[in-house]
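To keep things clear, I will list the structure first and then write my remarks on it.
The values are calculated or read from the model by the stated rules, or taken from the named source; none is laboratory data. For clarity, every value in this text was computed on a predicted model and none was experimentally measured. Reconstructed Cβ throughout: ideal geometry from the backbone, glycine too, with neighbour counts over all protein chains shown. Ligands, DNA and RNA are excluded from the accessible area calculation, which covers all protein heavy atoms including side chains. Shrake-Rupley method; radii C 1.70, N 1.55, O 1.52, S 1.80 Å.
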Amino acid sequence: MATSEEMDRMYRVQRYFYDVTRKYYLLGRDRLLREMELDPGARVLEIGCGTARNLICLAQRRPDVRAFGLDASHEMLSTAAGKVKRAELEERIVLRQCMAEELDHRATFGLDEPFDAAFFSYSLSMIPTWVQAIDAALANLKPRSVLYVVDFWDQGAWPGWFRALLKGWLDLFHVQFRPELLEHLRELDRRGVGVLEIVPVAGRYAYLARFRKSN
C-alpha cells in the first residue's frame, strides 16, 4: 500500500512543474469537467486532486457548485492550497489530506450528507488499493449519483512504438493501465451496483467512464 510519506517523496519536487508537464498527456480531463451532470448547489469531490488544477477549472466553469478535494500527499496539497488561494476560491474549494480508501464524508469533510458526484482523474492508475478506493467513493455518493473516471486505456489505435514509449514514461511515475479496473466496473454493473458507460478518448489513449450508482 502506498503511504502518504511515499507520495510526499514522489511529489516533493514534481509538484512545482506537475501541471506544466501533465497537460500534454493527461487527455480527457477537460472533457470530463465539461460533461459532468451537476445540478446547481451540487457538492463534487475529486479523489486524488493533486495540485487542484481540475477543481479550480470546475469551480470557475460552474460557480453554482461547491468543490472538494482529497489527496494522500501533504506536499501536493500545499501546492493546491496556494493555487486555490491565488484563484480566490478558498470559499468554494475544500481540501483535505486523506488516503482514497479511507474517505468518509463525515470524518474527512464534516458533511452530513454524501456527495452529489465524485471523480478520479488519472489517479486510479496510481492507487494500489484501487478496489477499496472505488468502494469508498461509491459509499460516499448519494443514490443515483455518478462516479466519473478518466484514465489511461490500452492505446489500441496507436502504433506499438508509441505504446511502448508511453509505458516506459509512465513506469517512471509508478503509473500503469489496469485492465482489471474496467472489468471490475463491468462486474459492478452486472451485479446491479450501478450502470456503467465507457467512452474512448483519442483512439483509446484514455477512457472516460461514467458509473451511475443505483442506490
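Please arrange Phe119, Phe173 by accessible surface area, largest first, computed with a 1.4 Å probe and ligands excluded.
Most to least solvent-accessible, the answer reads Phe173, Phe119.
Ignoring ligands, DNA and RNA, what percent of the 1.4 Å accessible area of the chain is carbon and sulfur?
That share works out to 52 percent.
Enumerate the whole-percent occupancy of each 10 Å bin, from 0 to the last occupied one, for all C-alpha pair distances of region 67-201.
10, 36, 34, 18, 2, 0
Kindly report, to the nearest 10 Å², the accessible surface of Tyr207 as traced by a 1.4 Å probe over protein heavy atoms only.
10 Å²
Which chymotrypsin sites (Phe, Trp or Tyr not before Pro) in region 21-118 pass both tests, a DSSP loop state and at most 10 other beta-carbon atoms within 10 Å? All intermediate terms of the calculation are to be shown ahead of the outcome.
Details: sites: Tyr24, Tyr25, Phe68, Phe109, Phe115; in loops: Tyr24, Tyr25.
Counting only loop positions with at most 10 other Cβ atoms within 10 Å, the chymotrypsin sites (Phe, Trp or Tyr not before Pro) in region 21-118 are Tyr24.
Order the following by accessible area, largest value first: Trp158, Trp130, Trp169. Probe radius 1.4 Å; ligands, DNA and RNA are ignored.
Ranking Trp158, Trp130, Trp169 by accessible area, largest first, yields Trp169, Trp158, Trp130.
Say we join alpha carbon atoms closer than 10 Å with springs in a Gaussian network model of the chain; which of Arg191, Arg31, Arg62 then has the biggest fluctuation?
Among Arg191, Arg31, Arg62, the largest GNM mean-square fluctuation belongs to Arg191.
What accessible area per residue, rounded to a whole number of Å², is obtained for region 144-215 using a probe radius of 1.4 Å?
Accessible area per residue: 51 Å².
May I ask for log10 I(q)/I(0) of region 55-144 at q = 0.13 Å⁻¹, from a Debye sum over the Cα atoms as equal point scatterers with solvent left out?
Taking Cα atoms of region 55-144 as identical point scatterers yields -0.43.
Could you pull out the longest piece of the chain with no exposed loop GluC sites (Glu not before Pro) in it, calling a site exposed if DSSP puts it outside H, G, I, E, B and it has at most 14 other Cβ atoms within 10 Å? Spell out each step's value before the answer.
On the way: sites that count: Glu37, Glu88, Glu90, Glu91.
Free of exposed loop sites, the longest segment is 92-215.
Can you count the Lys pairs in the chain with C-alpha separation below 27 Å, eight or more apart or on different chains? Could you put the intermediate results ahead of the total?
Values: Lys23/Lys83; Lys23/Lys85; Lys23/Lys167; Lys142/Lys213.
Within the chain, the lysine pair count is 4.
For region 104-165, calculate the relative contact order in percent as a whole number, restricting contacts to Cα pairs under 8 Å that are 6 or more residues apart.
37 percent
Please compute the contact order of region 152-215 in relative form: average sequence separation of alpha-carbon pairs under 8 Å and at least six residues apart, divided by the residue count, as a percent.
It rounds to 40 percent for region 152-215.
How much accessible surface does Lys213 have with a 1.4 Å probe, in Å² rounded to 10?
In the full protein context, Lys213 sits at about 30 Å².
Keeping all protein chains in the complex and leaving out DNA, RNA and ligands, what accessible area do you get for Asp171 with a 1.4 Å probe, in Å² to the nearest 10?
Near enough 80 Å² of accessible area.
Taking 25 Å as R0, compute the FRET efficiency from the Cβ-Cβ separation of Lys142 and Arg34 and round it to 0.05.
0.70
With a 1.4 Å probe and all protein chains in place, put His174, His105 in order of accessible area, largest first. Before the final figure, lay out the partial values.
Details: His174 125, His105 10 Å².
My answer, sorted largest first, is His174, His105.
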